[in-house]
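The values are calculated or read from the model by the stated rules, or taken from the named source; none is laboratory data. Please read these numbers as outputs of a predicted model, since none were measured by experiment. All Cβ positions, glycine included, derive from the backbone under ideal geometry; neighbour counts span all protein chains shown. The accessibility values were calculated without ligands, DNA or RNA, using every heavy atom of the protein model including side chains. Shrake-Rupley method; radii C 1.70, N 1.55, O 1.52, S 1.80 Å.
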Amino acid sequence: MGQKSSQAKDKVKQEYLKIINSKKKDYYKKNEEILNSSDFKVISQQNWKDYMQQEIELIKDKYSRSSWPLDILSLVNQWNTVKDYKWRSNVLWYDYLQSYKVNTAQDPTPVTTISVSQVTSQYTNSFEAQSLIEFLHGHFQNPNEHFIAAMIGRFNSSFLQEYCLENNELKGNVQTVPKVYSEKMCEDIKGFVMLTLQAMIHYYGGVVAKTIEEKPGEMYDLMLEEVFTNSLQQSLLKVFHLANKDKCDLYEENLEKYSGLTCNDLGIHRYFQLDVEHNKPSKVQGNFGNAIYIEGILNQPRNFKAYGKAVDKLRELENQFSPLKKLGVVIQTSRVLCECVDEYWKDDTTVSKDDLVISADQILSIFLYIVIKAKIPDLSGHVQMICEFGRKIIQNGSMGYYVTTLEACVEQVETMSPELLMKIKEYSLKGY
Amino acid sequence: MDSVKEFKIVTLGEGRVGKTSLTLKFARNEFHDNEISTVQANFIQKDVQLDGGIQVRLNIWDTAGQERFRALAPNYYRQANGAVIAYDITDAGSFNKVKAWVKELQSQADKDISIVIAGNKCDRESERQISAQDAIDYANSINAAHFNSSAKSGKGVNELYTEIARRVYAVHQKNAKANPQLSNSRGGRRVRVTNDEPQKPKNKNCC
């Protein structure tokens, strides 16, 4: 009896393996070209290390004043390639599994004109990852076994040793000429990110190389995310601060001086003056711009927690240390800002959707209000980090718009003056 | 795997000429009824179909029109491929502002920037203060296109954005021809993430 059952089991197993084998064959056939590309052969010969050495030789001269290329080279030379095998072959398996995944219905496209970068989602370090990019992220959490992860770790320590003291303060030479060093430090990071991409082509070959070929921008974003650590961003914030010290001081001084400004002081349209406690409109009286109305608003008690959710959101800039995550915070702030307006007017039927259209003038003023209330030290440094490392295609799209707006707000705070506030008041009284 | 080409278009003009409404009119069908009632009209993305089945994506940046924000404009038109400069046909002063914007763009913006001028509020023809011919002549003199538009009736709105799309695409094609991608003499796969669309690395064969 038992024998029969085990025979049956064996049969099932055989058939199962047969199916798997034929699926594998299909997969190999479909991807023959990639799998047999010269890069993949490189992997099978296990000599990706040679290619890495060549890559570093190529960039060594360009970064001759920095220590990281040689540090990475010594890492390559000492690396024991056996440890990597499972990671590299995993990618093939992952791709194979992906190719047999049932296509589940896509979420409906969200109704918005803003798209958010891919790399902001939560990653899982498993075969359940939703995309190759997510899957790779899981790999980078293993610096002891995974070469690229080790490379990132080595770069970080090399970078910090070069520019920072043990207490994380910038070294004296960096402090003397911060402008020069801020450029150099950014160049180092960008150069290293490009090296990691090149390294991945050799390390993984096949499927990953193909993805890098097809979506170099997304892969660049992924690697940028991996390379940024908190210490790295702190050192950048410090050097940016020193390089723009005068402006930063002005910004901080003015933040303190003008922290009590109201929405009305900043020329924000009545519909968006969420700090007025009883701002319910009466369409019959209508004219929001007239002087009597403005006076009326001025006498209303102010709620200093207006746009509170947006203010809190923007403050997250300080907790997110990679440029793309910071970018995500800026985009989310622009959305939360709309939610605040919706929330404020939700029970009021006299306000129509057409009234709640935020123009460029208004978004700038509202963002300025949020910036003043959020009081983020070194805001310009966070913005600079996004601008410095974000790709141009991101900067010229929707995400760039809000970063530019934030940048404009920093400038507004720096140049804020009683004269300007007087001008805004005159403008509001004209009923714009 | 050719992705849709994206271009940055900036909308300039004095406050009250109806810039925001113009963009909003153009993009109206991009907004659907949903729970989010507050609409941000300051950034709009829309695809435009050109002759020959070419599709381009316009990222339209609205800019603040109030004088107090004047100094911030360069932040917004930086790296723009095209500019739509709007004026109000019933307000002579707003047309002078167009000329000032053109001068500024010519000296400060990207040298290849395409310009389209929009004479807005053309539904109020009887109050016209700027002669249509003068406006067209001026546009011709700076190699820009001119359209009469009305955000209210929708007249000329699609036309002017299609024209700016056509122009920025033409400039892009011209530049692409003038600077073909250098082939990689080393061979092997090289990654390039350039300013524009990310570039495909040159494919093989390895050293």
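Values computed for the structure shown
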{"read-out": "√(5λ) per eigenvalue of the Cα gyration tensor, region A:152-192, largest first, Å", "value": "17, 14, 5"}
{"read-out": "Partners for A:Lys13 among lysines (Cα-Cα distance below 21 Å; same-chain residues under 8 apart left out)", "value": "A:Lys4, A:Lys23, A:Lys24, A:Lys25"}
{"read-out": "Peptide-level mean, for B:64-74, of C-beta atoms on other protein chains within 10 Å", "value": "5"}
{"read-out": "By average C-beta atoms within 10 angstrom, highest first, the peptides A:344-351, B:166-173", "value": "B:166-173, A:344-351"}
{"read-out": "Rounded to the nearest 10 Å², the accessible area of B:Thr20 at probe 1.4 Å", "value": "30 Å²"}
{"read-out": "Pair A:Gln300, A:Lys24: separation of 7 Å Cα→Cβ label points (nm)", "value": "7.1 nm"}
{"read-out": "For region B:5-178: relative contact order, % (alpha-carbon pairs under 8 angstrom, 6 or more apart)", "value": "26 percent"}
{"read-out": "Average beta carbon contacts from partner chains per residue of A:50-56, 10 Å cutoff", "value": "1"}
{"read-out": "Mean shadow area of region B:5-178, taken as a quarter of the surface of its Cα convex hull (nm²)", "value": "10.8 nm²"}
{"read-out": "Cα gyration tensor, region A:335-432 - rounded (a/c under 1.5), prolate or oblate", "value": "oblate"}
{"read-out": "Residues whose placed amide H lies under 5 Å from that of B:Ala86, excluding near-sequence neighbours", "value": "B:Leu12, B:Gly13, B:Ala118"}
{"read-out": "At R0 = 45 Å, FRET efficiency that the Cβ-Cβ distance of B:Asp123 and A:Lys375 yields, to 0.05", "value": "0.45"}
{"read-out": "Rounded to 5, percent antiparallel among DSSP beta bridges of region B:5-178", "value": "25 percent"}
{"read-out": "Residue pairs, from the table A:Lys184/A:Lys238; A:Lys179/A:Lys325; B:Lys5/B:Lys174; A:Lys392/B:Lys103, whose Cα atoms sit over 18 Å apart", "value": "A:Lys179/A:Lys325; A:Lys392/B:Lys103"}
{"read-out": "Accessible area, probe 1.4 Å, largest first, for residues A:Arg270, B:Arg57, B:Arg124", "value": "B:Arg124, B:Arg57, A:Arg270"}
{"read-out": "Residue among B:Asn96, B:Ala132, B:Ala176 farthest towards the positive dipole end of region B:5-178, charges placed on Cβ", "value": "B:Ala176"}
{"read-out": "Residue-count net charge about A:Cys248 - beta-carbon cut-off 12 Å; Lys, Arg +1, Asp, Glu -1", "value": "-3"}
{"read-out": "Residue mean of other protein chain beta carbons inside 10 Å, B:7-14", "value": "1"}
